[in-house]
Amino acid sequence: MSTQRRGIGTTATVAIVVVIIAVAAVAYYAYKPVPPTQQSSTTPTTSAHIKTVNVNMPLGAGGTQRLNFVPEKIIVVVGVNNTVRWTNHDSAAHTVTGSTFDSGGMAVGANFTHTFDGQGNYSYRCSYHPWMMGSVLVRNG
Ligand SMILES: [Cu+2]
């Protein structure tokens with residue numbers, strides 16, 4: 001009796017697996033992803049696609065003249081990654097001061113974000129430490 005039941009159970013299991021595989025195969029062909037070649041030329045247009053570039057003030061930058069913003073110079077592209085976030089990892093306060101943007105005093109651990117909408121080379125500095133100077137080169141996408 002128990003042997004017979006096991007036999008029926010195995011047959012039913014095989015049938016279910018076959019059905020699952022068939023459904024999966026149909027689903028795969030019905031919802032085949034768009035080939036990458038058709039997506040690669042699409043330019044991201046919404047802010048949801050814009051990546052943020054990170055720049056740091058490293059530990060010791062406030063007291064060591066060879067230390068600076070990291071990276072010191074960056075290149076960003078409008079519509080792709082033109083949002084920049086500076087984070088103060090130092091034990092001293094700093095600023096990110098440019099002609100069109102200014103973080104004001106940034107305490108330890110603070111961050112400041114700015115989105116660059118137009119092309120140009122935007123230099124900036126820390127108003128507390130004259131050796132700290134960086135730049136953001138903005139290109140149109
Ligand atoms: Cu500084």
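Looking at this structure, is N81 within 12 Å of the ligand (Cβ to nearest atom), assigned to a loop (DSSP other than H, G, I, E, B) and in the same structural domain as M133 (by TED's automatic domain parsing)? In short, no.
Would you mind stating whether T113 is under 17 Å from the mean Cα position of the chain (by Cα), part of a strand (DSSP E or B) and touching a residue at least 40 places away in the same chain (Cβ under 8 Å)? Against the criterion (under 17 Å from the mean Cα position of the chain (by Cα), part of a strand (DSSP E or B) and touching a residue at least 40 places away in the same chain (Cβ under 8 Å)), T113 qualifies. Restricting attention to the range 48-58, the residues that are modelled with pLDDT of 95 or more, of a type in the set (A, V, I, L, M) and away from the ligand (no atom under 12 Å from the Cβ) add up to 2. If the condition is being within 11 Å of the ligand (Cβ to nearest atom) and within 19 Å of G63 (Cα to Cα), then the range 90-123 contributes D90, A92, A93, H94, T95, V96, T97, G105, M106.
Output yes when any residue across the range 65-72 is away from the ligand (no atom under 12 Å from the Cβ) and more than 22 Å from the chain's Cα centre (by Cα), and no when none is. Yes, the range 65-72 has at least one match.
The values are calculated or read from the model by the stated rules, or taken from the named source; none is laboratory data. None of the values given here were measured: they were computed from a predicted structure. As a convention, Cβ positions derive from the backbone with ideal geometry for all residues, glycine included, and neighbour counts pool all protein chains shown.
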